[in-house]
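Report on one structure; see the data block that follows.
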Amino acid sequence: MNYGPQDFCRFRMPCDNDPSRAEAQVRDKVATFNRSEFALLLGISITDARDGFARAVMECPGKCNPNKVAHGGAIFSLADQAFGIAANCAGVHRVAVSVHILYIAPATGTLVAVAERVADNGSCDTYRVMVSQGERIVAEFEGVAFRVTE
């Protein structure tokens with residue numbers, strides 16, 4: 001799905017009618033997340049983001065448990081990174097207050113986490129993150145983020 005400049009403003013993103021500024025804020029936040037120590041350690045890369053949405057990718061090799069499948073902590077970290085950028089790329093500061101993950105199937109290859117905001121009550125937002133390997137769902141993560149006022 002393609003989004004235009006009007007979509008960046010629609011989601012309560014700080015918007016001064018300058019879509020290029022809003023896009024630059026998102027790019028800067030994504031770059032900050034991609035350069036974080038933990039993301040670099042695990043090889044997590046955010047490939048798409050906008051307010052309330054993110055897509056992150058991670059390869060499993062080097063992150064496996066003794067059974068030679070992706071470690072649950074690595075899968076959780078990928079989902080958490082997607083959740084974090086979906087909640088924070090629009091200039092609104094949010095912190096996680098509750099997360100839950102359901103592991104559905106083992107994984108060994110390239111994992112993709114897609115985070116989407118599913119609810120917003122004004123102070124807390126709920127996000128669903130689906131982690132998949134190809135077409136197969138590996139895990140479902142749900143996170144609640146509290147909006148911090150500064």
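Assorted remarks:
- Here's the picture: charge each Lys and Arg Cβ at +1 and each Asp and Glu Cβ at -1 in the chain, and of VAL95, GLY62, ALA22 the one pushed furthest to the positive end of that dipole is GLY62.
- A Cβ-based charge dipole, computed about the Cα centre of the chain with Lys and Arg at +1 and Asp and Glu at -1, lands at about 220 debye.
- Between 0 and 90°, nearest 10: helix 72-88 axis offset from the chain longest Cα axis: 10
- Neighbour counts of C-beta atoms inside 10 Å place TYR103, TYR127 in the sequence TYR103, TYR127, starting with the fewest.
- Of GLU23, GLU140, GLU37, the one that fluctuates the most in a GNM where the chain has Cα springs shorter than 10 Å: GLU37
- Tilt relative to the chain, helix 19-34 - C-alpha long axis, 0 to 90 degrees, to 10: 30
- Estimated 222 nm signal from helices in the chain, with DSSP H stretches of n ≥ 4 weighted -39500 (n - 2.57), rounded to 500: -9000 deg cm²/dmol
- Shape call, segment 62-101: gyration tensor on alpha carbons, a/c limit 1.5: prolate
- Here the extension length gained between CYS124 and VAL148 equals 7.7 nm, from 0.36 nm per residue of separation less the Cα-Cα distance.
- Taking LEU41, LEU78, LEU102 in turn, the Gaussian network model of the chain (Cα-Cα springs below 10 Å) assigns the largest fluctuation to LEU41.
- Computed across segment 5-147, the Kirkwood radius stands at 15.3 Å (inverse of mean 1/r, all Cα pairs).
- Summary value for the chain: 21 percent relative contact order, contacts being C-alpha pairs under 8 angstrom separated by 6+ residues.
- Within the listed set ASN34, ASN88, ASN67, the Gaussian network model of the chain (springs between alpha-carbon atoms below 10 Å) gives the highest mean-square fluctuation for ASN67.
- For segment 21-85, trypsin sites (Lys or Arg not before Pro) meeting the loop criterion (DSSP other than H, G, I, E, B) and having at most 13 other Cβ atoms within 10 Å: ARG35, LYS68.
A short reminder: the numbers here are calculations on the coordinates, not readings from a lab. Since the model is a prediction, treat every value here as computed from it, not as a measurement. Cβ sites come from the backbone with ideal geometry, for glycine too, and all protein chains shown count toward neighbours.
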